[in-house]
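S.K.: Handing you a structure now.
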Amino acid sequence: MTETLPSRTADLPAKWNPGEVEGAMYRRWVERGYFRADPASDRPAFCIVIPPPNVTGSLHLGHAMDHTLIDVLTRRRRMQGHDALWLPGMDHAGIATQSVVERRMAAAGEPDRHAIGREAFVEKVWEWKAESGGTILGQMERLGDGVDWSRERFTLDQGLSRAVSTVFKRMYDDGLIYRAERLVNWSPALRSAISDIEVDHAEVEGELVSMRYGDGDASVVVATTRIETMLGDTAVAVHPGDERYRHLVGTEIEMPITGRRIPVVADDYVDPEFGSGAVKITPAHDPNDFEVGRRHDLPMPTIMDETGVIAGSGTRFDGMDRFEARAAIREELREQGRIVAEKRPYVHSVGHCSRTGVPIEPRLSLQWFVRVEPLARSAGDAVREGRTVLHPKEQEKRFFDWVDNMHDWTISRQLWWGHRIPVWYGPAGEVVCVGPDEEPPAGEGWWQDTDVLDTWFSSGLWPFSTLGWPEETPDLAKYYPNSVLVTGYDILFFWVVRMMMFGTYAMGETPFRDVYLHGLIRDEHGKKMSKSKGNVIDPLDLMDAYGADALRFTIARGSNPGTDMSLSEEWVAGSRNFTTKLWNITRFALSKGADPTAPLPAEADRTDADRWILGRLTEVREQTDELLEAYQFAKATEGLYHFAWDELADWYVELCKTQLDEAATADGTRAVLGHVLDALLRMLHPITPFITEALWTALTGRETVVTATWPTAQDAGAPVDAAASARVTDVQKVITEVRRFRTEQGLPDRKSVAARLTGLADAGLAAHEPALRFLNRLDAAGTDFAATATFEVTTAGGPVTVELDTSGAIDVAAERARLGKDLAAAEKERDQADKKLTNPKFTEKAPADVVDGIRARHATALADIERIGARLAALPEA
RNA sequence: GGGCGCGUAGCUCAGCGGGAGAGCACUCGGUUUACACCCGAGCGGUCGCAGGUUCGAUCCCUGCCGCGCCCA
C-alpha cells in the first residue's frame, strides 16, 4: 500500500478499507524498526513481556484482549519517549504439544512414541513446531501488536533452557527442590502427575455406600464413594474418644474379598459425628488417608496402574477399569450381605484433571517438588511492601490467601516434551544434580531422570530468562524488573505467583512493578464462550469483517478492571462505525485545509467554539492520562469516543463551518481543527493504530504516528474558558430547542424557515447568530415577515426568543403537547426544590453550595413555569 | 462450608451521598458544505427486596432473595 498511503496534499479515499492496508502498514512498522528497543539509549525503560501463548495455540479473544491492552500501554509509553519493549515469544506447552503430535502420529497410522523412542519422538515434535507451530505469531501481526520481533523467545530455546537448569541446580543445592514419594494428583488420562492448581473440583452425582467390615462384635460399618479402593485398605480409623469403638481399637478386623486382617486405629482426623464414626483408610489412594497412614505407620499398597486400572490387588478385579470395578465390587459385597446402606445419587466434590476432564486418581509416586514456603513468602512480601502493586487492588486478598497457604509444588511430569530434569542416578544409589556447565556423570549404570519439568517452571522464569539471564546482558540490566505485567486474573496463581517466586529468588527482586489483571471475554449475554455451547467468536473473523482497529477499540472500550466483558459482533460493528466517523471527520478537515502545523490563533482572535473545543481537549487529555495510568481502559476509551463523536464531530465540526466561511476566522479555524484532530489521533493511536496512522500521516504529512509524541499540556489544547464554554452550551441549547420545535411541528429539517431571533445580544450570543441560522436553516426575516410561531429558550445568559414564519398555521395540538411536557418537567423540578427548601433541617445542615444550587434550580423552574404558562395561554383554542 | 464480586432502561454496562447515564435495540423524520457504517428528534428505569443511618440514599450499614467466580 506504500503508494496509496495518503499524503498531506492528496485527498483521502472515500472509504477506509482496513483489510487492504493493515498488512503492509504493519510490515512497514517492523521494517523501520519502530518496535525495536535499545538498551543503549538514554530513554527510560518501559518493558512488558508477553504472557507466552502456547506454541500449539491460535489467537482467541482472550489473547486479543491481553494484547490490545499491552499494546495500548507500550505504544503510549513509546510516544511518551520511553525506550519501550514489548517482548514476544511462546511457551512449549508440554502436555498440549505432546498430545497434538501423538494424535497426528496416530492419525497418520505411525507407530506410537514408545515404539520410536524418546529421542526420535522429541525430534518429531521439533519438526512439528517448525512446520505448524506458532501460527499465533502471524495472527499477532494482524492485531497490530507492537512487539520487538528481534527479541522473540521460546521456553525451550537454548538460552531459556540454560536458565531453567541454572535455577534448578541452584534451588536443588539450596534445598528448595527435593524428591519424595508422595500422594500426588494423578491424571490417568495423561499418565502423569499434575499440580494442585491443574485440578478442578466439581460436584458430581455419585454414590455413598455403607458396608460392614468384620463380623459380629468385631465389626464396623464404613461408608465410601469409591468402594473400589477397599482393595487397598490397610486400616479402619475411629475417633480416640468414641466409646462405641473403644473395645475395637488395637484389634484387627477381617476384610471381605481380600480376606486381609487390618487394624483398627484411633485418630483425631475422624469425625465421630459423620456417618458411623468409623472410616476406612486407603493410604495410597486418598490424601487424608495417606496422612493417617503415615501417623500409624500403615502399609501403603497401590492397587491401580497408571491408567486407573485395578492392578496388583491379587483379586479377580485386577485388569478392570476403576469405575467398572466400583460396580463389580459393590455387587459382590451385596451378594455377601455386607452392604448396609446406599445413597444414590450422592452429590459430592470430585477433582478432575483440568486438561482432560478425567477424575483425578490420587497416586503414591516418586516426584520432584519445590519447597514453596520461603519463595511464596517473599512473593507475598513484595506485594505487602508495595514493590509490586496489583490492579485492581481487590485481587490482593485472593493473592495473599493463595501465597500464604500454598502447598509444595509438584514439578515433575511424566512426559518427554519439555526440560528434562537435570538429575542423574548412579549404580550405587547416587543422586547428582548437574548444573548447566557441568558434565553429567558417565559410565555403567548411570542414567538421567526420565521426567520433564512442568511448563510453568520455565514460564515462571520468563521475565528475566527472556532478557538473557543467567548472562548479565544489557537487556537484563535495563528491563528488569519489568514495568508491568498484563494478564487475565484466571492465571494469577498459575503464572504470576510463580514468576514472583522465581524472580525474588533468582534476581533478588520482584519481576514487575505493576500487575494488571483483566477479566475474561464472554458472549453477548455474559456466558462463557465454549465450543460445546457454540458461542465462540473468532477474533480473526471479526478482524476480517471490521478491521483490527474495530476489534481493539471494542476490547479497550469494554475492559473495566476486575470485571469480565461481554462481546458481540454488533459491538465490533459499532466500533467500526467509530473508525469510519474518524475517517470522515479527517476527510472533512483535510478538504477544508485544516492545518496542524499552523499556529493557533491569538487568544483574542479565538471564537467561543475554538475556546470551548481547545479547553475540552485539555480536559480530555488530562483525563485520558489519568485513566490510562490507572489501567482504566474502558473509561479512557469511552472518553475519547465521546470527545471525538459527540463534541468534535457533532458540534465543533458543525459550528466551524460558518467560521470557515468568514475571512476573519477561516485561518484560525483551520489551525484549531488541525490541532485538535492531530492531538486526538495521537491519543487514539495506541488503541486504533492502523487508521490513526493513515489519518495522522495524511493530516500532518509526517512519516508515522507510531513514534510521534504523546500530547502534553505544552502541545495540545488551551486552558478551559468557562465563559466561552457556557456560551457554547447555550448555543447548543437554542439549536436543540429549535430542532425539537421543528420536529414536533413536522417541519422537515431541510426546509428553510424565515426567523427572527431576539435576545441574543443580551444573552451574549450575538456572535453566534450565523451558526444558529446555518445549523437550523433559519433565513433572515424579510419585510413581509409574519411570525406564526414564537417560543422562548432559557439560556444561562438570558432568554432568547425565536419567532418563525412557517407560512401557515402551526400544529396547535402538537405545540400544546410539547409545552405541556415541558411544564410538567418544570413543575416537578419546582416541587422537588420546594420540598428541600421548606425543610429547615436541609437549609441548616446541607452545605451552602448545595443549598444555593437548589435555590437556583428553584428560580429557574419558576421562570420556566411562568414562561410556558404564558405561551400556553396565548395558544389559540384547538 | 469459607472468601470475593454482581443484581441500575429490552440487552450489555458506567455512575456510587444532593438534578437517573452510555452503547446497542426500538419509534418518528431526513438525498443538509465529511459521514445512511450517517444526521436530527423521541420512547424507555418504584436503580433486586426489607429495614436502618442521614436534612437527604441508586450510592453508606444490616438482613433476605437471586446470580457468578475462587478456594476447601
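S.K.: I need every pair where a residue in the stretch A:729-751 that is within 23 Å of A:R816 (Cβ to Cβ) has its Cβ under 8 Å from the Cβ of a residue that is open to solvent by 40 Å² or more (accessible area, probe 1.4 Å) and more than 7 Å from RNA strand B (Cβ to nearest atom), sequence separation at least 6 or different chains.
M.R.: A:E744/A:D811; A:E744/A:A817; A:Q745/A:D811; A:G746/A:D811
S.K.: Using the structure shown, decide if A:S532 is more than 10 Å from RNA strand B (Cβ to nearest atom), free of Cβ contacts under 8 Å to residues at least 12 places away in the same chain and not β-branched (V, I, T).
M.R.: It is true that A:S532 is more than 10 Å from RNA strand B (Cβ to nearest atom), free of Cβ contacts under 8 Å to residues at least 12 places away in the same chain and not β-branched (V, I, T).
S.K.: To continue, here is another question. Looking only at the stretch A:561-587, how many residues end up being near RNA strand B (Cβ under 6 Å from one of its atoms), surrounded by fewer than 17 Cβ atoms within 10 Å (Cβ to Cβ) and not charged (D, E, K, R)?
M.R.: 6
S.K.: Another one. If a residue counts only when it is within 29 Å of A:E119 (Cα to Cα), which strands (runs of 3 or more DSSP E) contained entirely in the stretch A:416-515 have at least 2 such residues?
M.R.: Where strands (runs of 3 or more DSSP E) fall fully within the stretch A:416-515 and carry at least 2 residues being within 29 Å of A:E119 (Cα to Cα), they are A:423-425, A:431-433.
S.K.: Restricting attention to the stretch A:1-35, and to residues there that are open to solvent by 40 Å² or more (accessible area, probe 1.4 Å) and at pLDDT 95 or above, which single residue is nearest to RNA strand B (Cβ to nearest atom)?
M.R.: A:R27
S.K.: Based on what the data block shows, is A:A848 in the same structural domain as A:P799 (by TED's automatic domain parsing) and closer than 18 Å to A:F791 by Cβ? Quick ask: steps written out before the conclusion?
M.R.: Working: in the same structural domain as A:P799 (by TED's automatic domain parsing): yes; closer than 18 Å to A:F791 by Cβ: no.
Answer is no for this residue.
S.K.: Give just the number: which of (1) within 24 Å of A:R326 (Cα to Cα); (2) open to solvent by 40 Å² or more (accessible area, probe 1.4 Å) does A:I262 not satisfy?
M.R.: Every condition holds for A:I262 apart from (2).
S.K.: Run A:R818 past the list (1) within 13 Å of RNA strand B (Cβ to nearest atom); (2) surrounded by fewer than 17 Cβ atoms within 10 Å (Cβ to Cβ); (3) closer than 29 Å to A:A766 by Cβ and report the number of the one that doesn't hold.
M.R.: For A:R818, the failing item is (2).
Yes or no, residue by residue, for (1) surrounded by fewer than 19 Cβ atoms within 10 Å (Cβ to Cβ); (2) more than 28 Å from A:A180 (Cα to Cα):
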site: A:I303; (1), (2): no, no
site: A:A311; (1), (2): yes, no
site: A:R316; (1), (2): yes, yes
site: A:R334; (1), (2): yes, yes
site: A:F369; (1), (2): no, no
site: A:V372; (1), (2): yes, no
site: A:L375; (1), (2): no, no
site: A:D401; (1), (2): yes, no
site: A:N405; (1), (2): yes, no
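S.K.: Scan the stretch A:793-800 and tell me whether some residue there is more than 10 Å from RNA strand B (Cβ to nearest atom) and more than 21 Å from A:I735 (Cβ to Cβ).
M.R.: Within the stretch A:793-800 (the criterion being more than 10 Å from RNA strand B (Cβ to nearest atom) and more than 21 Å from A:I735 (Cβ to Cβ)), the answer is no, since none of the residues qualifies.
S.K.: When the stretch A:139-168 is examined, which residues are found to be closer than 18 Å to A:Y34 by Cα and open to solvent by 20 Å² or more (accessible area, probe 1.4 Å)?
M.R.: Matches in the stretch A:139-168: A:E141, A:R142, A:W149, A:S150, A:R151, A:E152.
S.K.: Would you please name the residue that is most open to solvent (accessible area, probe 1.4 Å), looking only at residues in the stretch A:742-753 that are at pLDDT 80 or above and within 9 Å of RNA strand B (Cβ to nearest atom)?
M.R.: The extreme case among them is A:T743.
To keep it simple, each residue is scored yes or no on (1) away from RNA strand B (no atom under 14 Å from the Cβ); (2) among the hydrophobic types (A, V, I, L, M, F, W, C).
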| residue | (1), (2) |
| --- | --- |
| A:E662 | no, no |
| A:L677 | no, yes |
| A:P689 | yes, no |
| A:G701 | yes, no |
| A:A708 | yes, yes |
| A:T712 | yes, no |
| A:D715 | yes, no |
| A:T736 | no, no |
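The values are calculated or read from the model by the stated rules, or taken from the named source; none is laboratory data. Since we're looking at a predicted model, the values are computed, not measured. All Cβ positions, even for glycine, are placed from backbone atoms using ideal geometry, and neighbour counts span all protein chains on display. Surface accessibility is based on the protein's heavy atoms, side chains included, excluding ligands, DNA and RNA. Shrake-Rupley method; radii C 1.70, N 1.55, O 1.52, S 1.80 Å.
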